[in-house]
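Student: Below are the structure tokens for one structure; questions will follow.
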Amino acid sequence: MSPKQNKPLNKVGLVGRKNIGGRKDYIEKLIKYLEKKGKKVNFDSRIANCIGKRKGHMSKGKMFEEMDLIITLGGDGTLLKAIREASSENAPHILGVHLGTLGFLTELHKPEQIFETLDKMFKGQYYIDHRTLLRVTVYRDNKKFKTFIALNDAVINQGNFARLIHLSVTIDQRKMIDFGADGVIVATPTGSTGHSLSAGGPIIHPQLPAFIMTPICPSSLSNRPIVIPN
């Protein structure tokens, strides 16, 4: 981690989890706090529906282009889905507040901690925990179909039907291996404790510049997870 300097956090975006309706009082209190601090506040459609206010609504994609800080209000799923909107290295800082079911990745596990934490952040008293992201591009008929951003992992499999598929892996334009399996997981260090771990992959420290390639139920015992330099 490294101290972050010279970036004022003047524009703050709020991203809410599904079924956040029961947190209306908390969200209104947070917005009032931010506005009192002189911050420009925008929020996604879930927050807008929760507080019954459209003024200030902004899409998550636009938030990642314009905001200095994005606060996710939910669990790990809310944070992971929000990060998919990241499109550049100049993406805003992200602070996760645990209001969901699973909060392994969220920084704050008690919602009321947000006010003390933001007081310090607005004074520049915070650190940035840099995490590796995956950029995944899907091609169909040799044409680029769509590009995704992921914090944890990408999975290639047959879909709803679990059956053996044949995979060919190339790294830096050099063919690595052909193998048969139910699929393959490519995970970041952050994602190493998730799906990849369940499939037999190793745990990697979040700061290591590496990826993990983990076969899912390979047909050969020689096909083991491998750590690849980033």
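Since every read-out is calculated from the coordinates, none of them should be taken as a lab result. Keep in mind it's a predicted model, so treat the numbers as computed, not measured. Cβ coordinates were reconstructed from backbone atoms using ideal geometry, including for glycine residues, and neighbour counts include every protein chain displayed.
Student: Would you mind computing, in nm to one decimal, how far apart the modelled labels at Arg131 and Lys37 are, each placed 7 Å from Cα along Cα→Cβ?
Tutor: 2.0 nm
Student: Suppose the Debye formula is applied to equal point scatterers at every Cα of the range 2-128; what is log10 I(q)/I(0) at q = 0.12, 0.20 Å⁻¹?
Tutor: -0.39, -1.22
Student: Taking the highest mean first, how do the peptides 202-208, 156-162, 140-146 order by number of other beta carbon atoms within 10 angstrom per residue?
Tutor: For the peptides 202-208, 156-162, 140-146, the packing ranking is 202-208, 156-162, 140-146.
Student: While we're here: Given Cα pairs under 8 Å that are at least 6 residues apart, what percent is the relative contact order of the chain?
Tutor: 14 percent
Student: Here's another thing I want to ask about it. With charges only on Cβ, +1 for K and R and -1 for D and E, what is the dipole size of the chain about its Cα centre, in debye, rounded to 20?
Tutor: It works out to roughly 820 debye.
Student: Moving to a separate point now. Taking other Cβ within 10 Å of each residue's Cβ, how do Ile228, Ile149 sort, fewest first?
Tutor: Least to most surrounded, the residues fall as Ile228, Ile149.
Student: Continuing with the same structure: Taking 0.36 nm per residue of sequence separation and subtracting the Cα-Cα distance, how much length would be gained by fully extending the chain between Lys62 and Leu164, in nm to one decimal?
Tutor: 32.7 nm
Student: List, in the order given, every pair from Lys18/Lys60; Lys32/Lys123; Lys37/Lys81; Lys11/Lys144; Lys11/Lys110; Lys18/Lys55 whose Cα-Cα distance in the structure shown is over 25 Å.
Tutor: Lys37/Lys81; Lys11/Lys144
Student: I would also like to ask the following. Stokes-Einstein at 20 °C, 1.002 mPa s, Kirkwood radius from Cα pairs: D for the chain in µm² s⁻¹?
Tutor: D = 110 µm²/s.
Student: To the nearest 0.05, how large is the calculated FRET efficiency for Thr147 and Ile203 if R₀ is 30 Å and r is the Cβ-Cβ distance?
Tutor: 0.60
Student: Using Cα-Cα distances under 8 Å and only pairs 6 or more residues apart, what relative contact order does the range 2-128 have, in percent?
Tutor: 28 percent
Student: Principal axis lengths of the range 134-229 from Cα atoms, whole Å, largest first?
Tutor: Principal extents (largest minus smallest coordinate, Cα): 37, 31, 29 Å.
Student: Any idea how far apart Ser219 and Lys24 come out in nm if each label point goes 7 Å out from Cα toward Cβ?
Tutor: Taking the two extended label points, one gets 5.8 nm.
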